[in-house]
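*Asks:* First the structure, which I've put down as structure tokens, then a few questions once you've had a look.
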Amino acid sequence: MNERRIAFVVGHSHWGKSKTLCALTNGNSHLRRVIIAGVEFFIRRMSNDDQREGFIEFMMSLDPTFLPNVIAALCPKFDVSATNTILTTLRAKGYQLFFWVIKHQYGGAKVVEEDEIDRLRGLGTVEEFSESAEADSRSKLFMRFVTDVVLA
């Protein structure tokens, strides 16, 4: 069983990724680690649409020896070439990639496009979340995804 995992909360800018991850730590945005089903995960809340260069630097510097389990936010619509490079590099380092896609913008009509989801499917396991729910509900469903899929 691969014990190097990155579970991404995926959505576009102002989609609810950060609020979902904040709810994961009971509203404490300063906590950098969370334990789910007895496994400790490091949390990277700022995504590539928040801090592009910082995101790239963090992802490229990840060492599975020191951070084997990571939860991170990811926007599927930014420099596709850079995203693919980051994700394929993470796979080459031995990380298994999981994508929990917030399909619909919270409180809006926009959606994550099928071609964006298909690109993620080519790199890892994808689950689409299609409901309209508050951050607390989203975080509980994301934790279930981590427990039932990522840690399975």
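*Asks:* Any residue in the range 40-53 that's under 23 Å from N26 (Cα atoms) and in contact (Cβ under 8 Å) with a residue 12 or more places away in the chain: show its pairings with residues that are of a type in the set (G, A, S) and surrounded by fewer than 19 Cβ atoms within 10 Å (Cβ to Cβ) at Cβ separation under 9 Å, as long as the two are six or more apart or on different chains.
*Replies:* Here the result reads R45/S18; R45/S29; M46/S18; M46/G54; S47/S13; S47/S18; D50/S13; D50/S18, each pair linking the range 40-53 to a residue that is of a type in the set (G, A, S) and surrounded by fewer than 19 Cβ atoms within 10 Å (Cβ to Cβ).
*Asks:* When only residues in the range 103-128 that are of a type in the set (A, V, I, L, M) and assigned to a loop (DSSP other than H, G, I, E, B) count, which is nearest to T83 (Cα to Cα)?
*Replies:* The residue in question is L123.
*Asks:* When residues of the range 10-43 are filtered for being within 17 Å of V101 (Cβ to Cβ) and either crowded, with 16+ Cβ neighbours inside 10 Å or of a type in the set (S, T, N, Q) (or both), how many remain?
*Replies:* Going through the range 10-43 one residue at a time, the tally reaches 12.
*Asks:* Let me ask you something else. Quick check on my filter: what residues within the range 56-91 are free of Cβ contacts under 8 Å to residues at least 24 places away in the same chain and either closer than 17 Å to G124 by Cβ or among the basic types (K, R) (or both)?
*Replies:* Correct list: T85 only.
*Asks:* Sticking with this structure for a sec: Give the residue that is modelled with the highest pLDDT, with candidates limited to residues of the range 68-110 that are over 16 Å from F145 (Cβ atoms), crowded, with 18+ Cβ neighbours inside 10 Å and of a type in the set (A, V, I, L, M, F, W, C).
*Replies:* Among those that are over 16 Å from F145 (Cβ atoms), crowded, with 18+ Cβ neighbours inside 10 Å and of a type in the set (A, V, I, L, M, F, W, C), it is L90.
The values are calculated or read from the model by the stated rules, or taken from the named source; none is laboratory data. All values reported here derive from a predicted model rather than from experimental measurement. We place every Cβ from the backbone using ideal geometry, glycine too, and count neighbours over all the protein chains shown.
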